[in-house]
Amino acid sequence: MKRTKKRIGILTAGGDSPGLNAAIRAVGKAAIGTYGWEVIGFRDGFQGLIDDRAIALKKGALAGILTHGGTFLGTSRLKPHRAETPDGIRDLRPQIVATYKRHKLDALVCIGGGGTHKNAQRLVEKGLNIVSLPKTIDNDVAHTDSTIGFDTALNIATETIDRLHSTAHSHHRIIVAEIMGHKAGWLALGAGVAGGADVILIPEIPYDVESIAAAIKRRVRHGTSFSIIAVAEGARTAQDTRAFAAALRARKRAESEAEKLLAQSTLDKLESAHAGNTLKLAHEIEQLTGLESRVTILGYVQRGGTPSYADRLLATRLGTAAVDLIAAGRFGVMVASTDGGTRAVPIEKVAGNLKTVPLDHSWIHAARNVGTNLGD
Ligand code: F6P
């Protein structure tokens, strides 16, 4: 006899972000409470599906977690199609499909960012019924207005910039605040505008140290002897941006295994040279302006702790909408947030598609209009 009560799985993958527990709770409560289904949580992202580390999520497990940071299911950055095993790199998707079938799942909810959507698409292609939710503090998932965790991180980064003002002011210093965002500058730009940073540097706009120094010297001439620079971790000088883009192109073009390895090693070298970029930038600005400089790296503080109200609301809207989609038999889609509503977007459109800051975005326009230097 055909089972009428559905059974769904859920996992969180990639870097954690505030609001993940709120999303798990939303999916769980809607599935169990509204539809009467069973929900199984898999630990540590796709790794939990490979190892079949499953926990039955009853109503009780979902109580009291709305305000908790992190993800109680755990997470990992594992790529199932290229997993590192003691026997080398292996495609472990067959194990995932087997676990999915063993638990007789009707659908799997994957909550994650860019990497998770690529992994989810590779499992959609293996026949799994997947519905995904966008989360990352970087806000760089394509086809959604916002991602779970971004608002909380934006608040944390903005508060940090607020706090840096008084100490920079007292000591007549430049403080360079490094904000997360390797490929997209949403967080640095948003926090920089909201916190009134004097200079904002993002990956989308290659910077020129001379232009930054000139802006800071202008402030000094007008009587302000301190400055705050908000820099996204992925912001680069124009020269470094060109070198990086060339290395990426070379990797894309590479045909033989040897060419691929060479291109990857060039990229790795550029990445590791970039690692200390914020300290280097502060030093160069100090040399060019004669003002003492300090660095504050916000780091993982941006990803930790209680989710904001907006993130709880977003997670609850998207999580419950995911369950409605499963009930309607819609699979292979991400629940996107649009104008206060939700929309189902095919995961294949999201996978491998990064949402960077458009150069004509209103935040960039606003920053320039209040006199912020964007490094160009
Ligand atoms: O989740 C995205 C992100 O926060 C990036 O901004 C950051 O560079 C990265 O994760 C670092 O995370 P991890 O060290 O956990 O890989």
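Please treat every number below as a calculation from the coordinates, not as lab data. As the structure is a computational prediction, the values presented were derived from the model and not from experiment. So basically every Cβ, Gly included, is an ideal-geometry build from the backbone, and we count neighbours across all protein chains shown.
Observations
- Amide H within-cut-off set for Leu57, under 5 Å, with H built and near neighbours excluded: Val39, Ile40, Gly41
- Neighbour-count order for Val199, Val209, Val370, fewest beta carbons within 10 angstrom listed first: Val370, Val209, Val199
- The residues neighbouring Cys110, those whose beta-carbon lies less than 12 Å from its own, together hold a net charge of +3 under the Lys/Arg +1, Asp/Glu -1 convention.
- Residue-wise HN-Hα couplings along the range 72-83, as the Karplus relation 6.51 cos²θ - 1.76 cosθ + 1.60 with θ = phi - 60° gives them from phi, are 6, 7, x, 8, 7, 9, 4, 9, x, 7, 9, 7 Hz; Gly and Pro carry x.
- Take every pair of alpha-carbon atoms less than 8 Å apart whose residues are at least six positions apart; their mean separation over the length of the chain yields a relative contact order of 23 percent.
- Value of relative contact order over the range 278-376, rounded to a whole percent, pairs C-alpha under 8 Å and six or more apart: 12
- Residue exposure proxy: Phe150, Phe226, ordered by other Cβ atoms within 10 angstrom of their Cβ from fewest to most, comes out as Phe226, Phe150.
- For the range 45-60, 3J(HN,Hα) per residue [Karplus equation, 6.51 cos²θ - 1.76 cosθ + 1.60, θ = phi - 60°, Hz, x = Gly/Pro]: x, 5, 4, x, 6, 5, 8, 6, 9, 10, 10, 6, 8, 8, 3, x
- Calculated [θ] (222 nm, deg cm²/dmol) that DSSP helices of n ≥ 4 give over the chain, each run adding -39,500 (n - 2.57): -13000 deg cm²/dmol
- The chain - share of DSSP beta bridges that are antiparallel (%, nearest 5): 30
- Two-site FRET efficiency, His361 against Asp240, from Cβ-Cβ distance with R₀ of 30 Å, rounded to 0.05: 0.85
- Taking Lys and Arg as +1 and Asp and Glu as -1, the other residues whose beta-carbon sits under 15 Å from that of His169 total +1.
- Cα-based helix-to-principal-axis angle, 114-124 vs the chain, degrees rounded to 10: 20
- Candidate cross-link partners of Lys135 among the aspartates and glutamates, defined by an alpha-carbon separation under 18 Å and a same-chain spacing of 8 or more, comprise Asp16, Asp44, Asp145, Asp151, Asp311, Asp339, Glu348.
- Taken as Cα centroids, the range 13-78 and the range 158-228 sit 38 Å apart, rounded to the nearest whole angstrom.
- Quotient of C-alpha Rg and 2.2 N^0.38 Å, computed over the range 160-211: 1.17
- Shape of the range 250-367, Cα gyration tensor, a/c cut at 1.5: oblate
- Amide H contacts under 5 Å for Leu354: none, restricted to partners 5 or more places along the chain or on a different chain, H placed in the peptide plane at 1.01 Å from N.
- Among the listed pairs Lys104/Lys126; Lys280/Lys355; Lys5/Lys59; Lys58/Lys118; Lys6/Lys349; Lys59/Lys126, those whose Cα-Cα separation exceeds 22 Å are Lys280/Lys355; Lys58/Lys118; Lys6/Lys349; Lys59/Lys126.
- Couplings 3J(HN,Hα) for the range 366-371, derived from phi with the Karplus relation 6.51 cos²θ - 1.76 cosθ + 1.60 (θ = phi - 60°), are 5, 4, 4, 6, 9, x Hz, where x marks Gly and Pro.
- Degrees between helix 186-195 axis and first principal axis of the chain (Cα, 0 to 90, nearest 10): 50
- Each Lys and Arg contributes +1 and each Asp and Glu -1, all at the Cβ; summed about the Cα centre of the range 153-303, the dipole is approximately 180 debye.
- On Cα atoms only, tilt of 309-327 relative to the major axis of the chain in degrees: 30
- Taking the range 117-157 and a reference point 7 angstrom along Cα→Cβ of Lys183, the backbone N atoms nearer than 16 Å belong to 117-122, 134-144, 147.
- Rounded if a/c under 1.5, otherwise prolate or oblate - the chain, Cα gyration tensor axes: prolate
- Cβ crowding within 10 Å ranks Val124, Val335 as Val124, Val335, fewest other Cβ atoms first.
- Based on Cα atoms of the range 178-271, Rg over Rh with Rh as the Kirkwood radius reads 1.13.
- Distant-in-sequence amide H partners of Leu201 (H built 1.01 Å from N, under 5 Å): Ala230, Val231, Ala232
- Here the relative contact order of the range 153-303, from alpha carbon pairs under 8 Å that lie six or more residues apart, stands at 34 percent.
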